[in-house]
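Here is the structure we will look at, set down as structure tokens.
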Amino acid sequence: ENNHLTDEDAKVVSEGLKNNRSIVALFLGKNDIGSEGALYISDCLSINKVIERLFLGNNHLCESGLNSLLTIIATVNQKVNYLDLSYNNLTNVEFTFIGEFLNKNPLLVQFNLSGNPIEMHGCIRLGTGLSNAKRVKTINLSKMNIIADTSPFLFKTFSAEDMNIDDNLLEEVGYIMFAKAISGNTTLKKLSCKNTGITLIGLNHFLAAV
């Protein structure tokens, strides 16, 4: 991590790992890898079926490269169970790809999307995806600028056991919608909700739901 790797460097790393049979975790976070680099990593994962944990936070993954990566993980590789896409400045386009990825119910177990400000359209796509991703057990949605107006589209039903929604200004409306989402939920075991602007009314709805 934090080696100022570019797309060309990602190409070199990916080529070198295609025939790897021992490395199971790949840490490429805090670099300068973009769409082209994601395409190289996708090509690697289409051949390498050993890597299980992929750390790509703090990069510039976007558009076709990210879509290719997600498609490979969902349909060809099916070995990656941890994916970190935090702090990649994802837009509505990328969240559409992520929603489609989750709709395929991939074998992914842990997903980190923290630090990517999300808008209404992104919440709609991601919310639908999470409701269909039955295998995702740990999801990090902290610092994503989720607010009361967008929370109803994101918090639908989900199967996560561990969820982090820290540093999102949900306030009263957001917690009411979140309470509806977890009402009757039997899977959620751990929830981190620091600095979310919870009110007494919102807290009462939440406590009633759990």
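Tell me, what is the FRET efficiency for residue 105 and residue 194 to the nearest 0.05, using R0 = 30 angstrom and their Cβ-Cβ distance as r?
On the way: r = 30 Å, r/R0 = 1.00.
Taking R0 as 30 Å, the efficiency between residue 105 and residue 194 is 0.50.
The average projected area of the range 94-210, computed from the convex hull of its Cα atoms over all directions, is 5.9 nm². Paramagnetic label reach from residue 49 (point 7 Å along Cα→Cβ; backbone nitrogen cut-off under 15 Å): within the range 72-113, residues 72-81, 107.
Residues 50, 136, 76, sorted by accessible area with the largest first, give 76, 50, 136 [1.4 Å probe; ligands and nucleic acids excluded]. For the cross-link pairs 49/143; 49/190; 49/104; 11/134, the ones whose C-alpha atoms lie over 24 Å apart are 49/143; 49/190; 11/134. Based on every Cα atom in the chain, Rg and the maximum pairwise Cα distance Dmax equal 17.3, 56 Å. Rolling a 1.4 Å probe across the protein heavy atoms gives the chain an accessible surface of 45 Å² per residue. Label positions at residue 76 and residue 138, each projected 7 Å from the Cα along the C-beta direction, are separated by 2.8 nm. Shape annotation for the range 1-102: C-alpha extents along the principal axes are 36, 30, 19 Å, from largest to smallest. All distinct Cα pairs of the range 161-210 go into the 1/r average, and the inverse of that average, the Kirkwood radius, is 10.7 Å. Nonpolar atom fraction for the range 103-210, defined as the carbon and sulfur part of the 1.4 Å probe accessible area, stands at 54 percent.
Extension gain for the segment residue 4 to residue 203, taken as residue separation times 0.36 nm less the Cα-Cα distance, is 67.3 nm to one decimal.
The values are calculated or read from the model by the stated rules, or taken from the named source; none is laboratory data. Keep in mind that what you see is a predicted model, and the values were worked out from it rather than measured. As a convention, Cβ positions derive from the backbone with ideal geometry for all residues, glycine included, and neighbour counts pool all protein chains shown. The accessibility values were calculated without ligands, DNA or RNA, using every heavy atom of the protein model including side chains. Shrake-Rupley method; radii C 1.70, N 1.55, O 1.52, S 1.80 Å.
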